[in-house]
Amino acid sequence: MPDTAPSPVITIGDDAPPVVVQERRILGVAASTWPKVLMPLLVGLLSLAVWEYLVRRNGIPPYILPGPLLIAQTMVTDWGTLSGSLWITLSISLAALSVAVLLGVTLSVLFAQSKWVELSFFPYAVILQVTPIVAIAPLIIIWVNDVKLSLLICAWIVAFFPILSNTTLGLNSADHNLLNLFQLYKATRFQTLLHLRLPSALPYFLGGLKISGGLSLIGAVVAEFVAGTGGNQSGLAYRILESGYQLRIPRMFAALFMISISGIVIFLCLSMLSHLVLRRWHESALKREN
Amino acid sequence: MTVLASSDAAAVRPDGQVARPVVRCRGVAKLFSNGTLALQNVDLDVGRHQFVSLLGPSGCGKSTLLRLIAGLGEASAGTIDWPDAQHDVSGVALPRLSFVFQEPTLMPWASAIRNVMLPLKLAGTPAEEARARAAEALRMVGLAAFENAYPRELSGGMKMRVSIARALVTRPEVLLMDEPFAALDEITRFKLNNDLLELWHASNFTVVFVTHSVFESVFLSQRIVTMAARPGRVIADMDVSAPYPRAVDYRTSPLYNAHCKRASEALERAMGHAIEAH
């Protein structure tokens, strides 16, 4: 149902502000946003149709390449097992992301307090980042008895760095004149942090969060591949391994799809969060006519 | 010699009254860590409720001097005293001053009123009172209707008005302005010039205004201190004797032109000095 909002136009003297015109909305979403949603969806549906057609016409057996319809069907019939695993993978990813946010922001605030702290500790954060997670995962699994906890640690290691490095960069990029202004008004360190450095760091932090959201999922999946543990408590990665051993390829694809979709949903949620937080003030969230 | 003479003149207001200086600079020098001598032996007295412009070519250290007066950075030599200001127990002056930068320097994440409230919030003023005073300051600069607008929703001139409101909300004794209107178009600049003079006339603060525009300094100030570069120093100190309020008719008067001519000559001498010194 299309509806048009009023267009408030305000002017005073010579300093006329930019004219604000509300865009037409369809179902609560701006009209110009619809193609951005519909076009990729259309491409996706077309590719699925071509895939299904090729599988059927060439008679490819399901244990080599199942068609999308069969995969969807498997997703429904195996929903009991798969949804349990999905929940475990997601809970590990989200817990890892939360810990990464908490520790990443805390550490970067510490780094911002003193150049020396940053100089001393940042290289170790880099080491943590550049060491491939598959290489450390077996060690962590040996050291930590609890499988879930060891997976969480692996996912955290992967998700942690973008938040740390981006937030540190953001805290250090507060406007120089604003810093001078705070100094002029005798602001305390804490006031400067709270009212200037943290808000300045927000766009950078949210950028890091978007990257880390996807990485935490990847970390959780990769670590589970390495751990290779089974049982009721296993996530989607183990379902893929298990389906591979049992040649249940449609189920393998179904699990794979669920991982991809989870990643997309995480990304969309974080993008939405970023947009909501920044829409009033940051360049990245602004729509420009030219 | 000449420097001393000029600083004597500084203590005398154009109307002949001797004013006790608000701020007194003596032998101020600034050597940057890269070896640039930005200021050398600068003496400057600014009287109460004076409107002083620091005029000079770029690189003459006028902004550096203003920042030193603001307490942003340490002078390498010399003293900056505030005879009438409060001092803390260790003897550090606590003048009530505000600074307006060349850019509006607003927090993009905060609405206009919250930007103006900032100095009060930092000083621990109760939120209610801070909000009322910020609203009043915004009204003074003609932005009462834009309290809740974000900086990006405002034009360049309006942003600068918010910046001025933020500077005035603390009711400062001294307002330091570092080429505040340089980035604005001429029409907006003229309008802000008029409004600034009205605000200055209506209140009780002292203004030190850095500019590279002869016309702006002659229009605004009672006194123009011309500086030369390499090293940055004061080379002339002239009074602009013309009554306030000044408006469009002053801008077009022969008196204005005569002052502009004198100021331009001083500025030319400043440039000449720089080339000689180079």
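Brief remarks on what is shown
- Listed by Cβ neighbour count within 10 Å, with the fewest neighbours leading, A:27, B:37, A:45, A:196 appear as A:27, A:45, B:37, A:196.
- Neighbouring Cβ atoms from other chains, within 10 Å of the Cβ of residues in B:141-147, number 2 on average.
- Derived scalar couplings between HN and Hα for segment A:89-97 equal 4, 5, 5, 5, 4, 5, 5, 4, 5 Hz in order, rounded to whole Hz, by the Karplus curve 6.51 cos²θ - 1.76 cosθ + 1.60 (θ = phi - 60°), x for Gly and Pro.
- If you take the Cα centroid of segment B:193-267 and the Cα centroid of segment B:154-170, the two points sit 22 Å apart.
- Evaluating 6.51 cos²θ - 1.76 cosθ + 1.60 at θ = phi - 60° for every residue in segment B:74-80, the Karplus couplings come out as 9, 6, 6, 8, x, 10, 10 Hz, glycine and proline recorded as x.
- Candidate lysines for bridging to residue B:191, where Cα separation is under 19 Å - those fewer than 8 sequence places away on the same chain excluded: B:159
- Gyration tensor (alpha-carbon) shape descriptor, chain A, a/c threshold 1.5: oblate
- Residue with peak Gaussian network fluctuation, chain A [Cα springs, cutoff 10 Å], from A:138, A:66, A:35: A:35
- Partner shielding of B:151-159 amounts to 4, given as the average count of beta-carbon atoms from other chains within 10 Å of each residue beta-carbon.
- Two-site label geometry, residue B:195 and residue A:142: point separation in nm, points 7 Å out along Cα→Cβ: 7.1
- Reachable lysines, given that their alpha-carbon falls under 17 Å from the alpha-carbon of residue B:62 and they are not under 8 places away in the same chain: B:30
- Reach of residue A:186 by Cα under 21 Å, taken over lysines that are not fewer than 8 positions away in the same chain: B:121
- The Rg/Rh ratio for chain B, using Cα coordinates for both the radius of gyration and the Kirkwood hydrodynamic radius, is 0.96.
- Dimensionless Rg ratio for the protein assembly as shown, taking C-alpha atoms and the 2.2 N^0.38 Å reference: 1.32
- Longest exposed-site-free window of chain A, the sites being GluC sites (Glu not before Pro) in a DSSP loop that have at most 14 other C-beta atoms within 10 Å: A:24-288
- Crossing angle, helix A:68-77 versus chain A [Cα axis fit, 0-90 degrees, rounded to tens]: 90
- Förster radius 35 Å - calculated FRET efficiency between residue A:176 and residue B:129 (Cβ-Cβ, nearest 0.05): 0.70
- Solution diffusion estimate, µm²/s, Stokes-Einstein, segment B:108-171, Kirkwood Rh from C-alpha pairs, 20 °C, viscosity 1.002 mPa s: 192
Read the figures in this text as sums done on the coordinates, not as results from a lab. All figures in this text were calculated on a predicted structure; none of them were measured in a lab. FYI the Cβ positions are ideal-geometry reconstructions off the backbone, even for glycines, and counts take in every protein chain you see.
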